[in-house]
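The values are calculated or read from the model by the stated rules, or taken from the named source; none is laboratory data. Note that the coordinates shown come from a computational prediction; the quantities given were computed from them, not determined experimentally. Cβ coordinates were reconstructed from backbone atoms using ideal geometry, including for glycine residues, and neighbour counts include every protein chain displayed. Heads up: the accessible areas ignore ligands, DNA and RNA and are worked out on the full protein's heavy atoms, side chains in. Shrake-Rupley method; radii C 1.70, N 1.55, O 1.52, S 1.80 Å.
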Amino acid sequence: MPDDAAARAAAEARAAAEEESAFSHAAVDPDVTAAYGADPDQVIDFYAPREAVSPGGGLAPLVVVLHGGAWRAPYDRRHVTPFADFLARRGFAVANVEYRRGGVSVPGQGAAAGAVAGGVGPVAGRWPETFDDVAAAMDALPALVREFLPQADPRRMVVTGHSAGGHLALWAAARHLLPDDAAWRIDRPAPLRGVVALAPIADFTVAEKLDVCGGACRQLLGGEEEFTARVPYADPALLLPTGIATTLVQGRADTVVPQAVAEAYADAAAKAGEVVGLTLLEDVGHFPLIDPAADACAVVAEEIAQLAW
């Protein structure tokens, strides 16, 4: 087998093993679930901190988790509940947010990490509902936390998200930079300690060039014709500088959302006069960042802690 073919085979085997490990954990039920809207997907799972890590006790920092899955319906918040529990066991209060995702099947589109049987997969996201929900959830969180998660301090809030959820985390921190006619725009920066985006789909132009998740960015915005008109409302790389501390964590061996996407966002931030942290992990692919069994997950928790405290 030629060296390049052997390398590809090894990379594919490693990626498959990483994905299998990340999805091997049993789902962890939350302490309480609260609704932020009337739709069944407009809910937030809350996890109380399992240990007190605040110096001298007191309230725990709040970590808001936005799950990935290419904004597609088959991938809901349940697959990141082990990650949410992992954070809770490290002393954080956790809010695991659900949101509406795409669910209409179309020919020739892949699922989050690859094509499904027959070359048919669900559309990525729903415009504008996916964005409606993230904005509504973020706006509702302070009141919901006071009612359902009194161990948490919403004044020390860090938003994290994986893959498509990383995009949503960056977007949630940039709502004050949205065009004036955007329904989701807020007047001032969100009250966040920071954002830790994990292998985020952070630059739509680069992601589309690389065909990340089977053209998911274009699907999210409604298709070919709508992409150009809607991208200023959705692409985090166009919504800079946020003024909010931001760190990207990226595996160098990620073949689902390649390193180039995170680097493009960091470059765009630098051009806008903002320094964005970029932590690159050797020999790490897409899924270890949310896998409690992986060393990379501990790195993620430390990055969150650095902003939360």
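Before moving on, here are some points about what is shown:
- In segment 258-292, the qualifying residues are those that are of a type in the set (A, V, I, L, M, F, W, C) and closer than 29 Å to ALA27 by Cα, and the one that is surrounded by the fewest Cβ atoms within 10 Å (Cβ to Cβ) is LEU280.
- Criterion applied to ALA136, ALA169, ALA183, ALA174 was being open to solvent by less than 40 Å² (accessible area, probe 1.4 Å) and over 25 Å from ASP31 (Cα atoms), and the one residue passing it is ALA174.
Rundown of residues vs (1) among the β-branched types (Val, Ile, Thr); (2) on the phi > 0 side of the Ramachandran plot; (3) part of a loop (DSSP other than H, G, I, E, B); (4) modelled with pLDDT under 95, yes/no style:
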site: THR242; (1), (2), (3), (4): yes, no, yes, no
site: ALA262; (1), (2), (3), (4): no, no, no, no
site: VAL275; (1), (2), (3), (4): yes, no, yes, no
site: ALA296; (1), (2), (3), (4): no, no, no, no
site: VAL300; (1), (2), (3), (4): yes, no, no, no
site: ILE304; (1), (2), (3), (4): yes, no, no, no
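- The C-beta contact set for segment 140-152 (first residue touching a residue at least 24 places away in the same chain (Cβ under 8 Å), second residue buried (at least 17 other Cβ atoms within 10 Å of the Cβ) and part of a helix (DSSP H, G or I), distance under 9 angstrom, 6+ apart or interchain) comprises LEU144/ALA137; ALA152/VAL145.
- Yes/no for ASP203 being charged (D, E, K, R), crowded, with 24+ Cβ neighbours inside 10 Å and under 24 Å from VAL158 (Cβ atoms): yes
- Failed condition for PRO189, given (1) over 23 Å from ASP283 (Cβ atoms); (2) surrounded by 18 or more Cβ atoms within 10 Å (Cβ to Cβ): (2)
- Residues satisfying the stated conditions in segment 69-96, i.e. farther than 22 Å from GLN306 by Cβ and buried (at least 24 other Cβ atoms within 10 Å of the Cβ): GLY69, ALA70, TRP71, ARG72
- The strands (runs of 3 or more DSSP E) located wholly in segment 1-98 that include 1 or more residues which are within 16 Å of the chain's Cα centre (by Cα) and of a type in the set (A, V, I, L, M, F, W, C) occupy 43-47, 60-66, 93-97.
Condition check ((1) within 25 Å of ALA296 (Cβ to Cβ); (2) touching a Ser or Thr at 6+ places or on another chain (Cβ under 6 Å)) across all residues:
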site: ALA173; (1), (2): yes, yes
site: ARG193; (1), (2): yes, no
site: ILE201; (1), (2): yes, no
site: GLU208; (1), (2): no, no
site: GLY215; (1), (2): no, no
site: GLU225; (1), (2): no, no
site: ALA253; (1), (2): yes, no
site: ALA269; (1), (2): yes, no
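- The single residue among THR242, THR255, THR247 that is touching a helix residue (DSSP H, G or I) at 6+ places or on another chain (Cβ under 7 Å), polar (S, T, N, Q) and open to solvent by 50 Å² or more (accessible area, probe 1.4 Å) turns out to be THR255.
- Every residue from segment 188-225 that is at pLDDT 95 or above and among the acidic types (Asp, Glu): ASP203, GLU208, ASP211
- Residue check for LEU278: over 15 Å from the mean Cα position of the chain (by Cα) and over 22 Å from VAL134 (Cα atoms): yes
- ALA115 out of contact with any Asp or Glu (no Cβ under 7 Å at 6 or more places or on another chain), assigned to a loop (DSSP other than H, G, I, E, B), surrounded by fewer than 19 Cβ atoms within 10 Å (Cβ to Cβ) and at pLDDT below 95: yes
- Condition met for VAL106 (at pLDDT below 95, among the aliphatic types (A, V, I, L, M) and either outside any helix (DSSP H, G or I) or under 16 Å from GLY166 (Cβ atoms) (or both)): yes
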